[in-house]
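The structure appears right after this line, and notes come after that.
Bear in mind that the values in this text are calculations on the coordinates, not laboratory data. This one's a predicted model, so the numbers in the text were calculated from it and none came from an experiment. For neighbour counting, all protein chains shown are included, and Cβ atoms are generated from backbone atoms with ideal geometry for every residue, glycine included.
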Amino acid sequence: MKPVLLDTGVIVALLDRSERYHSACRDAVENLRRPLVTCEAVIAESCYLLRNLSGAPEAVVRNVEESNFQIYPVLTSAAEVRKSLAKYRGRRADFADACLIVMASQLNTGDILTLDRDFTFYRWSRNKAFRILNPLLS
């Protein structure tokens, strides 16, 4: 069973009930029957964005600890991450996005749970489009 890549915006919306996409993200994750895989960059970004919500950063890490969010060690391929950052410099791709692009190639899956429209432009494994599992469209 191929995993689904997990992006920051979905994690933030899952844990912050005041987020306008909270319910949609919760429902999407609950209905998904595949492993959710992300990277440390996404976890760090999520913790930072949730830092003012009491207990939320701990909840992010608890989801990793309980294997709800699996971590893929993408930085073992730092050169590939650097190439993705350079390739999408014009789109202002951030570090977490570049890591997810590399992960897609390494895990051979373009299925991603994200709120970020930039993934409609990004390509993995040279020219493959991401299949965006947007909770707002499900």
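Pairing each residue of the range 100-113 that is in a helix (DSSP H, G or I) with any residue that is acidic (Asp, Glu), provided the two are 6+ apart or on different chains, yields C-beta distances under 6 Å for Val102/Glu80.
Counting the residues of the range 25-45 that are in contact with a helix residue (DSSP H, G or I) (Cβ under 7 Å, 6 or more places away or on another chain) and farther than 21 Å from Gln106 by Cβ gives 3.
Output the residues belonging to the range 80-99 that are small (Gly, Ala, Ser) and either outside any helix (DSSP H, G or I) or over 13 Å from the mean Cα position of the chain (by Cα) (or both).
Ser84, Ala86, Gly90, Ala93
The set of residues in the range 71-88 that are under 10 Å from Met103 (Cα atoms) and surrounded by fewer than 13 Cβ atoms within 10 Å (Cβ to Cβ) contains only Pro73. Residues in the range 1-32 that are without any contact (Cβ under 8 Å) to a residue 12 or more places away in the chain and under 16 Å from Ile112 (Cα atoms): Glu30 only. One residue stands out in the range 114-128 among those that are touching a residue at least 12 places away in the same chain (Cβ under 8 Å), part of a helix (DSSP H, G or I) and touching a strand residue (DSSP E or B) at 6+ places or on another chain (Cβ under 9 Å): the one that is surrounded by the most Cβ atoms within 10 Å (Cβ to Cβ), namely Phe119.
Is at least one residue of the range 48-67 touching a residue at least 60 places away in the same chain (Cβ under 8 Å), outside any loop (DSSP other than H, G, I, E, B) and either acidic (Asp, Glu) or within 28 Å of Arg123 (Cβ to Cβ) (or both)? No - not one qualifying residue is present in the range 48-67. Among the residues making up the range 1-36, those that are assigned to a strand (DSSP E or B) and within 13 Å of Asn63 (Cβ to Cβ) are Leu6, Leu36.
The condition (being surrounded by fewer than 18 Cβ atoms within 10 Å (Cβ to Cβ) and farther than 18 Å from Leu5 by Cβ) is satisfied by just one residue among Ser54, Ser67: Ser54. Name the residue, out of Glu45, Glu40, Glu66, Glu58, that is of a type in the set (D, E, K, R) and within 14 Å of Val10 (Cα to Cα). Result: Glu45 is the single residue among Glu45, Glu40, Glu66, Glu58 that is of a type in the set (D, E, K, R) and within 14 Å of Val10 (Cα to Cα). Among the residues of the range 1-24 satisfying the criterion of being closer than 14 Å to Ala104 by Cβ and touching an Asp or Glu at 6+ places or on another chain (Cβ under 9 Å), which is surrounded by the most Cβ atoms within 10 Å (Cβ to Cβ)? Per the stated criteria, the residue is Leu5.
The residues on offer are Ala28, Ala41, Ala59, and the sole one that is surrounded by 15 or more Cβ atoms within 10 Å (Cβ to Cβ) and more than 15 Å from the chain's Cα centre (by Cα) is Ala59.
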